[in-house]
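The structure appears right after this line, and notes come after that.
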Amino acid sequence: KQQRNASLPKPAPPAGRLEFVNGGWCMSDEAATHYSAVIDQMTIGLRFLNETFGACGRPRVAWHIDPFGHAREHASMFAQMGFDGFFFGRLDYQDRARRMRDKEQELLWRASDSLTPPMADLFTGILPNGYNPPEGFCWDQLCSDPPIRDDPDLEDYNVDDVVGRFLSTVYKTNHIIMTMGSDFQYENANLWYKNLDKLIHYVNAQQANGSKVNVLYSTPSCYLQELHRANLTWPLKTDDFFPYADDAHDFWTGYFTSRPALKRYERISNSNLQTCNQLEVLGGLTSRKGPFGEGDSQTMKKAMAVAQHHDAVSGTEKQHVANDYARKLANGWQHCQVLVSNSLAALSGLSAERIYCDNLNVSVCHLTESSKKFSVNVYNPLARPVTWPVRLPVNGTAYSVSDASGKAVDCQVVHVSQATHEVRRQRGFAVNELVFQVQAPPLGYTTYTVALIQDGPPPAPAQQRAPTVIQNKFLQVTFDHETGLISSLNNLETKQSIKLTQNFYWYNASDGNNVASRQPSGAYIFRPNSSTPVIISQTTSVVQEVRQWFAPWVSQVVRLYADSRALELEWTVGPVPIDDSVGKEVITRLDTSIKTAEYFYTDSNGREVLQRKKDFRPTWNLKQSEPIAGNYYPINSRAYIKDDVDQLTVVTDRSQGGGSIQNGSLEIMLHRRLLHDDFRGVGEPLNEISGIFPDGLVVRGRLLLTLDPPQTAADTHRPLAEGMVLQPLLTFTDGDLKPNTQLEFSGLLAALPPAVHLLTLSQWDEDSVLLRLEHQYQSSESKVSSQPVTVNLQKLFSTLEVLGVAELNLSANQWKDEMKRFDWTPEKGEKPLLKTFEDPSTWEVTLRPMEIRTFLLKVNLR
């Protein structure tokens with residue numbers, strides 16, 4: 001029953017002349033990335049190394065020398081990928097000073113509260129000079145340090161000085177790692193190696209005088225091996241390395257939000273890629289070569305992989321580079337659209353042209369705007385059924401909608417908002433939106449038919465005052481009758497009620513003209529001039545929904561769908577005005593009656609949640625110098641505040657920065673437009689414009705708010721966050737469908753249990769697929785959902801017969817039973833035992849909280 005694959009060769013003794021570190025398709029960002037995309041990009045890179053160099057090319061060390069802060073979830077993933085250790089370069093300047101003093105620049109990172117040690121334990125080393133050489137030891141043609149002069153007759157003889165400066169240490173063992181090189185270096189490698197050879201020679205020559213220092217060319221894994229042989233105990237860390245600052249007023253927390261449109265496009269692209277991967281498997285060979293041409297998922301995989309780079313989704317690149325990342329993602333999606341069309345044609349029996357409307361968020365879809373009858377195919381990439389609101393741009397005033405069984409579906413026609421008219425900029429002409437809710441089967445599709453009943457000009461929208469209350473069977477939202485702002489949120493099931501005010505503000509961005517520091521806000525750095533944000537003046541009008549205007553460039557729609565446990569806030573921000581020559585950093589802030597005691601919670605790369613506290617770091621004493629920027633953290637999918645009774649959770653549709661600056665408050669940065677560079681390498685201000693938006697970028701997004709008791713909140717926000725990351729894909733077909741069209745399909749024999757997420761279903765080779773199943777709850781989040789779950793792999797799929805199975809590590813570049821890692825001992829506690837799995841059979845696998853298990857399946861299409 002074991003399926004082995006040629007791209008995972010058995011280990012061979014390496015010659016040791018070449019070593020790879022990390023091995024991902026890129027060195028990913030750690031603040032703005034989602035764990036699913038990180039796993040994908042590591043898989044594609046490590047698979048390339050396996051197939052090109054064999055087992056001896058497999059990296060043993062994770063290497064993130066440039067990312068700007070380090071996420072706990074990244075360490076957890078690296079451990080599960082089989083890495084023996086992890087090295088990085090950037091560390092908060094206060095934290096570094098403390099660790100240098102206490103010789104704690106090397107530690108054991110316990111990166112999960114749920115996984116049994118050492119599954120998520122990772123030895124972590126902090127490089128002494130970032131990724132640069134020590135000061136005074138730069139010998140490239142771009143460097144200004146003098147070369148080693150070893151002729152005693154020369155006036156600039158400097159061997160004694162160089163050797164003396166080199167012999168210093170701040171590490172726990174008698175092994176020291178030194179990086180030699182930097183950006184754009186080794187352009188003249190001879191200069192480097194000539195001086196390094198001299199350095200090694202003269203330092204080692206001191207051994208004749210009693211020196212115990214021996215310098216040699218080495219590699220990260222050789223260094224790590226010597227540390228392991230030392231058999232010491234190591235400081236234990238359980239939090240993360242955010243936020244990062246390199247000086248008192250230089251917090252790198254702006255990039256948590258920089259380029260919010262690109263961040264959203266990357267997240268949508270991830271959802272589209274997972275749909276593409278799944279349909280490539282479910283549709284079989286026809287998906288890659290079918291009636292619409294040759295489909296291809298690889299182009300999209302590579303585009304998404306490189307978009308995880310720490311100067312890509314982070315937003316810390318030049319404008320033309322950001323444009324190129326977006327172009328690559330768009331090109332990848334075009335290749336995937338052919339594959340998706342072929343697969344849906346094979347599964348449905350319908351070969352009619354499928355239309356993709358990628359601008360539905362601004363009510364643009366030329367087919368629905370003009371057609372009198374069309375069908376909507378809704379593909380659900382989740383392994384559970386979903387209910388999803390669909391909003392289609394139309395010009396009629398009445399429509400009928402029917403589901404796959406022919407049953408009529410409730411629908412409503414609402415006017416396109418003025419904000420949408422402005423943001424779509426002549427790309428569409430619909431005056432209305434058709435709104436209805438769809439229900440899609442797990443890992444499958446369903447079809448809805450839409451027909452025009454009444455055409456003609458719509459009546460003028462009625463101008464109304466804001467309602468005082470909107471509600472469904474789960475939630476009630478009240479509004480202040482004078483300001484029109486939300487005033488309270490009530491959970492009707494649990495009888496909870498909190499005061500809630502939500503408004504928009506902007507921080508005045510520092511231009512560098514400041515007494516304390518000349519550091520301006522830029523793509524990397526968030527530095528407001530004042531701790532008090534400027535409130536954006538607000539007025540409200542209502543057209544069947546609660547539509548709020550806060551300024552000519554800030555608006556919002558408050559929505560509460562009939563069957564939703566979440567309140568939706570659809571915000572539109574931009575063009576951010578700069579005619580006053582002031583850069584602006586726009587936030588929304590939720591002020592509540594919840595008693596938070598300065599604590600709040602954010603997710604780590606979309607998975608486990610970490611507790612944060614204002615002006616506090618768990619492992620060192622913070623001297624706070626930036627009360628706003630120094631309290632911002634990455635929010636990848638959700639954040640919440642809570643007390644003993646109430647928990648308010650905000651689910652985001654992209655990675656954003658945020659914090660809790662005041663008790664009972666949660667703020668999220670939505671958009672940034674700045675007029676100065678922050679001197680960290682971008683070389684231009686973060687001032688985004690385009691052909692469509694020459695006057696400044698307009699960004700639209702969604703926040704989902706839930707109110708629950710803390711004990712059960714995860715059962716609401718986990719599925720919401722999962723659904724926000726993997727959204728249904730809508731495709732459209734004009735006119736009537738053929739009578740024999742299969743209108744509904746599920747790739748699963750039954751929905752997976754609520755705690756289990758199908759993370760990956762991807763074609764590996766002709767008769768094998770890669771499957772990842774994930775337990776998406778932490779160990780103490782839910783009484784019900786945090787229990788172990790067992791799944792039978794042979795009884796998963798409706799279109800696939802599983803013939804063989806073998807388990808892999810997380811990155812799919814090693815067989816699980818062959819993965820051996822160094823064991824490390826924390827200073828407090830015994831060495832943990834390796835976790836063992838006792839599955840009832842090869843086919844039945846058990847998932848425990850926060851586990852991801854990866855399998856290679858040998859399959860046949862049924």
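Computed from the coordinates by the stated procedures, all read-outs in this text should not be read as laboratory data. Here the structure is a predicted model, which is why all the values come from computation and not from measurement. Neighbour counts run over all protein chains shown; Cβ positions are idealised from the backbone, glycine included.
Summary of computed values
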{"read-out": "Charge dipole magnitude, Cβ of K and R +1, D and E -1 - the range 756-861, Cα centre, debye nearest 20", "value": "320 debye"}
{"read-out": "The range 17-83 and the range 669-688: distance between their alpha carbon centers, rounded to Å", "value": "29 Å"}
{"read-out": "Tally of Lys pairs whose C-alpha atoms are under 16 Å apart, taken over the range 256-455, 8 or more apart or cross-chain", "value": "5"}
{"read-out": "Only Lys, Arg (+1) and Asp, Glu (-1) charged, at Cβ; the chain dipole about Cα centre in debye", "value": "1680 debye"}
{"read-out": "The chain: DSSP helices with Cα axial extent of at least 15 Å and average Kyte-Doolittle hydropathy no lower than 0.0", "value": "35-53"}
{"read-out": "Stretch gain in nm, segment Lys828-Val645, where the contour uses 0.36 nm per residue and the Cα spacing is subtracted", "value": "62.4 nm"}
{"read-out": "Stretchable slack from Asp615 to Ser530, in nm (0.36 nm times residue separation minus alpha-carbon distance)", "value": "28.9 nm"}
{"read-out": "Overall form of the range 469-725 per C-alpha gyration tensor (a/c, 1.5; a/b vs b/c)", "value": "oblate"}
{"read-out": "Antiparallel bridge percentage (DSSP; both residues within the chain; nearest 5)", "value": "90 percent"}
{"read-out": "Neighbourhood net charge (11 Å Cβ-Cβ; Lys/Arg +1, Asp/Glu -1) for Tyr448", "value": "-1"}
{"read-out": "Isolated Cys in the chain, by beta carbon distance under 4.7 Å", "value": "Cys26, Cys56, Cys222, Cys411"}
{"read-out": "Virtual paramagnetic centre 7 Å along Cα→Cβ of Glu482, amide N under 20 Å, in the range 573-611", "value": "591-593"}
{"read-out": "Per principal axis, descending, Cα span of the chain in whole Å", "value": "97, 68, 50"}
{"read-out": "Relative contact order of the chain, pairs being alpha-carbon contacts under 8 Å that are 6 or more residues apart, as %", "value": "15 percent"}
{"read-out": "Under 30 Å, Cα to Cα: Lys pairs in the range 35-246, sequence gap 8 or more or different chains", "value": "9"}
{"read-out": "Per-bin percent of Cα-Cα distances, the range 376-419 [10 Å]", "value": "19, 47, 27, 7"}
{"read-out": "Residues of the range 620-655 with amide N under 17 Å of a point placed 7 Å along Cα→Cβ from Ser497", "value": "645-647"}
{"read-out": "FRET efficiency, Lys103 to Ser625 (Cβ-Cβ, R0 22 Å, nearest 0.05)", "value": "0.30"}
{"read-out": "Residue (of Gln418, Ala37, Pro393) at the positive-pole extreme of the chain, dipole from beta-carbon charges", "value": "Pro393"}
{"read-out": "DSSP-assigned coil residues among trypsin sites (Lys or Arg not before Pro) in the range 63-103, each with at most 13 further Cβ atoms within 10 Å", "value": "Lys103"}
{"read-out": "Loop-located GluC sites (Glu not before Pro) in the range 73-160, at most 10 other Cβ atoms within 10 Å (DSSP)", "value": "Glu135, Glu155"}
{"read-out": "Sum of -39500 (n - 2.57) over DSSP H runs of 4+, divided by residues of the chain (222 nm, nearest 500)", "value": "-6000 deg cm²/dmol"}
{"read-out": "Positive dipole terminus of the range 94-244, leading residue within Ala230, Gly130, Leu216 (C-beta point charges)", "value": "Ala230"}
{"read-out": "Arg612 long-range amide H proximity, modeled H, under 5 Å", "value": "Phe600, Tyr601, Thr602"}
{"read-out": "In nm, spacing of pseudo-spin labels at Asp734 and Lys373 (7 Å Cα→C-beta vector)", "value": "1.5 nm"}
{"read-out": "Length-normalised contact order for the range 156-254 - Cα pairs under 8 Å, 6+ apart - percent", "value": "23 percent"}
{"read-out": "Ranked packing of 58-66, 416-424, 283-291, most packed first, by mean Cβ within 10 Å", "value": "58-66, 416-424, 283-291"}
{"read-out": "Extreme residue, positive dipole direction of the chain, given options Leu199, Ala551, Val791 (C-beta unit charges)", "value": "Val791"}
{"read-out": "Asp156 versus Thr842: modelled label distance in nm, points set 7 Å from Cα along the beta carbon direction", "value": "7.0 nm"}
{"read-out": "Computed lengthening from His228 to Lys318, 0.36 nm per intervening residue step minus Cα-Cα distance", "value": "28.3 nm"}
{"read-out": "Proximal charge balance of Gln319 [Cβ under 11 Å; K/R count +1, D/E count -1]", "value": "-2"}
{"read-out": "Prolate/oblate/rounded label for the range 521-597 (Cα gyration tensor, a/c 1.5)", "value": "oblate"}
{"read-out": "Calculated FRET efficiency for the pair Lys212/Arg327, C-beta based, R₀ 51 Å, to 0.05", "value": "0.35"}
{"read-out": "Assigned charges on the beta-carbon of Lys, Arg, Asp, Glu; the range 256-455 dipole about Cα centre (debye)", "value": "280 debye"}
